[in-house]
Every structure is written in structure tokens, then in C-alpha cells.
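A quick write-up on the structure given underneath.
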Amino acid sequence: MSDMMDDMDGGEGVVKKFMFVNRKAPHGTVYALEGLEVVLISAAFDQDVSMVFTDDGVYELIKGMNTKGIEVKDFSKTYRALEGYDIEKLYVEKESMDARGLTEDDLIVDVTVLDSGEMASLMAEQDVVISF
Amino acid sequence: MLHIVNKSATERNSLESCLRMATKGSAVLLIEDAVYAATQGSAAAAKVQAAMADVQIYALGPDLDARGMAARVLDGVKVVDYGGFVDLVTEHNSCQSWL
Amino acid sequence: MPMVEVAGKSFEVDEEGYLTNLADWTKEIADYLAKEEKVEMSESHWEVVNFLREYYEEYQIAPAVRVLTKAVAKKLGPDKGNNKYLYELFPYGPAKQACKIAGLPKPTGCI
């Protein structure tokens, strides 16, 4: 009942820092898609949500996917809907991009690039960290 | 022998093991998340390039397309479609899937 | 999976009546699904249904209701992008009912 959840907007609930860590490539396993769905659901609870992409997780954000040939949904487009869900804190680890020959220009959404040290500090600040 | 690898080389060691065991003249087909290893700038690219001296590397086109990686394939890697996948299986006497 | 028959052709729906294959959708199916939901389709209803189909095409998800409301406000103006307007058109929840009529899956975030 998302309709009811959404009517509770503006409640005085406790806001915690949630971080969702994405470390898997898309399509090969279901983790990337499931993680994204959990994040979309979490948006209904008005928490302080960040999404992190490290290791093979950076592959989730590659521009120009065409999934017709493997007959699965191209959910890379859904990352562009996150802004509408007020999820705007997207972080990508620089070392993971470097190891895969990728740059920010290869990604489908605007992200903040952090090095491992910065990422570690951000992770340490969280109340809840959930990994996919 | 046709070797088939479907796991990302930056997450599992199946490609590494496969390349260690693949003998001269055999073929290695990368599918699903393994196709990233055949792309420029990938950490596994150097190993794939070195292996190409002895074995032919193939990558499945629909899996590259789905991952937005088709334009980044390493020189020397042959891209095949599903029909080409079937041909590879029938052309080789045996076939090993590195799960 | 249950099947429904519209204009002599049958289509697969899930247990809750959502169309299984987005590509099956036609205006006739929308009219059928609307009837099932006891919604009489007006031009205003079609505007929201068409908006949802465009949203899905662009983002590959059915939006949660507050995201829908905000997006409608942006595209069609604040007169339409508010709960009152959308609930009047789709009394049992704009996200749920309008998505069903638009042939989309149940909205993500519908708990």
C-alpha cells in the first residue's frame, strides 16, 4: 500500500543514515536489480539514503546498455528516476572505476566520485549499511 | 576444447583458472559477466591479451550489448552471437563450463 | 497465470489483475482493465494513463504515488499534480489503479 505510506509524509519519525552498497555487475546476478528495488522502497520512509557503487557495482551505471538480445529489463534507466524519489546521494569509488578503465563520462547519472579513504569515512558515519 | 566462462574476472577467479588450464589452440568463450574481462581498461584485460598468444578468445555479443560494453572490446577478441555460440560448441570435441 | 479475453484475444494477467506483458497493452485492454477497476475513462484519466506509460518507457518502473504526483505536477501543472485531483480520478490509489490500466506492473515501493 504505497498510497497509504505516502500519505504519511511529513511525519516526525527518526531519520537515520542508510547506505546501500552495490558491488555486483548488472544482469549476471539478480543483486543489482534487487538492491535498486530496495532503495526505491526505502524512499517511502523518508530516511537519509546514500547509494555507493564499488567494485563491479560501477558497471551498473554504464551508459548505453541494450538488453534486447538477452531479453531482460534494462534497469539502468531506473537509476535516472532516483532523483524523483529524492535519492540524490550517489557515490562511486574512484579506484573501482580506474581498475575498469571507466570515467564519470561513462555513467548514466551524475555521481560524486570518492577515493577509498573518503568512501571509508562516509561508510563509518552511517547508522545502517546494507550490501548487495 | 572450448572453455566457457560466465563470471566476472574482478569478482571470481574462474577466468584466471581457466586461462591457466587452457592449452594451446583451445578456445575461450566469455559470456554473461565474464565479458567485462574482454574490454579495454579492465584489470583483467592484460591477462586476456597475454592469453591470446595461445588461445582464441570469443565474447558473446548480446551480453556485451546488454552491459553497454560493445564499443570497448579488446582487439583480437572475436564477438559472436547466439548462433556463433552454437557453432563453437559443435566445432569443438569437448566443452568445459567454468562455474 | 490467469487469462483475460479482450476483443477476441486472450492476455495473461497476474493474480492481482496486472497485465503480464507490457507489450500486449492496447487501448481496448485499458478500457477492459478500467471497467474491472470500476473507473470510467475520461480524457483526464487517459492523460494520466498516457503519462504513466511515458514514465515507464523512460525509467522502466511504475512510480510510487508521491513520485507520480510530483512528476505530473512538473509535466501537467500543479492543478493536476496533487493528491486530490489524482485520487478523484482513481479513488483506490492513482499509482495502483492507473498503473494497472496503463498495463504497467505494480508500482515499486508498494509495500
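A few remarks follow.
- Going from the isolated chain to the complete set of protein chains, the range A:65-81 loses at least 10 Å² of heavy-atom accessible area (1.4 Å probe) at A:Met65, A:Asn66, A:Gly69, A:Ile70, A:Lys73, A:Asp74, A:Lys77, A:Thr78, A:Arg80, A:Ala81.
- Relative compactness, the range B:2-98, computed as alpha-carbon Rg over 2.2 N^0.38 Å: 0.95
- Antiparallel beta bridges, as assigned by DSSP with both residues in the protein assembly as shown, represent about 20 percent of the total such bridges.
- Label-point separation in nm, A:Asp110 to A:Glu88, each point 7 Å along Cα→Cβ: 0.8 nm
- The C:Ser44 and C:Lys106 beta-carbon pair, evaluated with R₀ = 25 Å, returns a calculated FRET efficiency of approximately 0.65.
- Local electrostatic count, C:Asp79, Cβ distance below 15 Å [Lys/Arg +1, Asp/Glu -1]: +2
- Solvent-accessible area per residue for the protein assembly as shown (1.4 angstrom probe, square angstrom): 48 Å²
- Projected area, mean over directions - chain A, Cα convex hull, nm²: 8.6 nm²
- Nearest 10 degrees, 0 to 90: helix A:31-42 Cα axis against chain A principal axis: 20 degrees
- In Å², nearest 10: area of A:Lys24 left accessible to a 1.4 Å probe: 40 Å²
- Taken across both chains, chains A and B shield about 1500 Å² of accessible surface from a 1.4 Å probe.
- Computed from the Kirkwood radius of its Cα pairs, the Stokes-Einstein diffusion coefficient for the protein assembly as shown at 4 °C and 1.567 mPa s stands at 58 µm²/s.
- Rounded percent of accessible protein surface that carbon and sulfur make up, the range C:3-101, 1.4 Å probe: 49 percent
- Under 15 Å from the Cα of B:Lys7 - aspartates and glutamates, other chains or at least 8 residues apart: A:Asp55, A:Asp56, B:Glu16, B:Glu32, B:Asp33, B:Asp63
- Net charge contributed by nearby residues that have their C-beta within less than 12 Å of A:Thr112 (K/R +1, D/E -1): -4
- Cα convex hull volume per residue for the range C:3-101 (Å³): 92 Å³
- On the beta carbon distance between B:Met21 and B:Lys78, with R0 = 22 Å, the FRET formula returns roughly 0.60.
- For A:Gly28, net neighbour charge (Lys/Arg +1, Asp/Glu -1) across residues whose Cβ lies under 12 Å away: -2
- Each DSSP beta bridge with both residues in the range B:2-98 is either parallel or antiparallel, and the antiparallel ones are about 5%.
- Computed accessible area, A:His27, all protein chains, 1.4 angstrom probe, square angstrom: 40 Å²
- Taken across both chains, chains A and C shield about 2000 Å² of accessible surface from a 1.4 Å probe.
- Here the extension length gained between A:Gln47 and A:Ala124 equals 26.0 nm, from 0.36 nm per residue of separation less the Cα-Cα distance.
The values are calculated or read from the model by the stated rules, or taken from the named source; none is laboratory data. What you see is a predicted model, and the numbers here were worked out from it, not measured in a lab. Ideal geometry is used to build each Cβ from the backbone, glycine not excepted, and the neighbour counts take in all protein chains shown. The area values use the complete protein model at the heavy-atom level, side chains included, leaving out ligands, DNA and RNA. Shrake-Rupley method; radii C 1.70, N 1.55, O 1.52, S 1.80 Å.
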